[in-house]
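What follows is a single structure, written as structure tokens, with notes after it.
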Amino acid sequence: MPLFVVRHGHDPANCPAADPGAGAELLNHLGARRDGLRVHGEAVVRGQHAMVAIVEATDEDRLQEFLAPFAAAGDVEVLAASTCAGVIVRGGCVAPRVRVNGAGPLIEPEQACQDAIDAGLVLHRAHPLNCQTELGGLIGGVVMPNARFYVRNHFHIPRLDASAWRLVVRGHIRRPLSLTLSELRSMRSHTVVATLECAGNGRTRFLPLTAGEQWRLGAVSTAEWTGVPLAEVLERCRPRTSAREVVFRGGDSGHVPGRREQIRYERSLSLEDAVDSDALLAYAMNGEPLPAHHGHPLRLIVPGWFAMASVKWLADIELIDREFEGHFQTETYVYEYPDGAREPVSRQNVRSVITEPTAGERRGRGPLTIRGVAWSGEAPIRKVEVSAGGGPWIEASLIGEPTRHGWRWWEVLTRIDHVGAVTLRVRATDDAGRTQPENARWNRMGYGNDAIHEIVVHLR
Ligand SMILES: Nc1nc2c(c(=O)[nH]1)N[C@H]1C(S)=C(S)[C@@H](COP(=O)(O)O)O[C@H]1N2
Ligand SMILES: [Mo]
């Protein structure tokens, strides 16, 4: 059957997604099986009121008939397609294609984008690739499958040749190192389950809205990471007493606002945090070699910290005798409060989200199971409480074995007998005594939103 690319756009004032019922109906329409038609993948482009889909159809008339509900909601454009990925990227992206001078080979952005869409991620932006996991999709086991793990990139994904790659350790140390992947693999390995959360997760819940990647709540995922404890490599390189901070540099680079030259993605930790934070030089994710977009061949994992600290495509570790002032250290990833106070973003807040039911869901009244995840960078989760329809807080059961740095599943079995819109709220408390607030503390770049998660479901 011939292949088509369908692009649908609508007036933001009449966005079907603003009405969860209508939005879901359109998506269900797209998902239903039909003769003479196969939808190969779709991408909802956040903030642009656009959807792009790849559809195989017996002929264009059949396709137009199928697209009638989309035509009713806005406009529809149908193009003949040769390859899927190319058109999805062009159709779904307002940013001009970027050429990175001087950088090494890159993962083909169109392929990376197509892979993410195929895995069911919601595309935010194709250049560079940024995708979130849908909250409903978080349902599952202790970890997220690799293909569904959210992706957050500042620059294009570098394609590093693992056999030529080296981890260089230098600076204020007595013993400079250059380690191959197999040398790292032959060192004592350690495995840790850790939840990564982007500092901008839930940014769209700040009012007034703040600039930055418009994440909803899906910029969080958990995986089991395997690698070499960072503390061991630091011990081997024998830091000098002058060493104060450890800078981690990724193999990716590009332009940022306000700087003319290209910069790399780089972040530092104090030597103390680097040694004491259980940080890992990870080469495997959920038992597989690290995928390209999650940092192949090696990334840093700093458990409990917001994920900007977990530098991907790690190539260079430098111990320095002063405070690091890189762009991603001092210009971004800083809480800037309206009163002028500035504070670096570091550990994750205590936080919980409802993954089931999903916001706007319609279902019958009666028994209701509410499920979700909760995590904290500071201490284990002590309790999770849920309130339904403005009722009292009820304590949820925490499911499974706790892991030191991974999120905890929780559930509440309850019943709601009235019909209509019901608000469900969840808040978590950790062993450090922190509880989620009603409102997060607004900051200019929209980091660390830890407000109570609230959704509305419709019972009939
Ligand atoms: N080299 C490099 N490392 C990076 C980034 C990046 O753009 N380049 N993004 C950081 C940010 S902000 C986040 S939230 C996490 C995302 O990790 P993931 O894409 O594996 O989910 O990687 C961090 N490490
Ligand atoms: Mo992030």
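The values are calculated or read from the model by the stated rules, or taken from the named source; none is laboratory data. The model shown is predicted, which means the values in this text are computed figures rather than measured ones. As a convention, Cβ positions derive from the backbone with ideal geometry for all residues, glycine included, and neighbour counts pool all protein chains shown.
What to note about this one:
- Filter result for the condition that a residue is touching a helix residue (DSSP H, G or I) at 6+ places or on another chain (Cβ under 7 Å), among the hydrophobic types (A, V, I, L, M, F, W, C) and touching a residue at least 40 places away in the same chain (Cβ under 8 Å), over 302, 350, 256, 311: 256
- Strands (runs of 3 or more DSSP E) wholly inside region 234-314 containing at least 1 residues that are away from ligand 1 (no atom under 12 Å from the Cβ) and within 21 Å of residue 185 (Cβ to Cβ): 280-285
- Conditions (1) within 16 Å of ligand 1 (Cβ to nearest atom); (2) modelled with pLDDT under 65; number of the one not met by residue 132: (2)
- In summary, residue 355 fulfils each of the numbered conditions (1) more than 13 Å from ligand 1 (Cβ to nearest atom); (2) free of Cβ contacts under 8 Å to residues at least 60 places away in the same chain with the single exception of condition (2).
- Total residues in region 208-229, condition out of contact with any Gly (no Cβ under 8 Å at 6 or more places or on another chain) and either away from ligand 1 (no atom under 15 Å from the Cβ) or of a type in the set (Lys, Arg) (or both): 3
- Taking region 300-310 as the range and being within 13 Å of ligand 2 (Cβ to nearest atom) and out of contact with any Asp or Glu (no Cβ under 7 Å at 6 or more places or on another chain) as the test, the residues that pass are 302, 305, 308, 309, 310.
Residues are listed down the side, and each one gets a yes or a no for (1) surrounded by 12 or more Cβ atoms within 10 Å (Cβ to Cβ); (2) out of contact with any helix residue (DSSP H, G or I) (no Cβ under 6 Å at 6 or more places or on another chain); (3) in a loop (DSSP other than H, G, I, E, B):
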{"residue": "370", "(1), (2), (3)": "yes, yes, no"}
{"residue": "373", "(1), (2), (3)": "yes, yes, no"}
{"residue": "378", "(1), (2), (3)": "yes, yes, yes"}
{"residue": "390", "(1), (2), (3)": "no, yes, yes"}
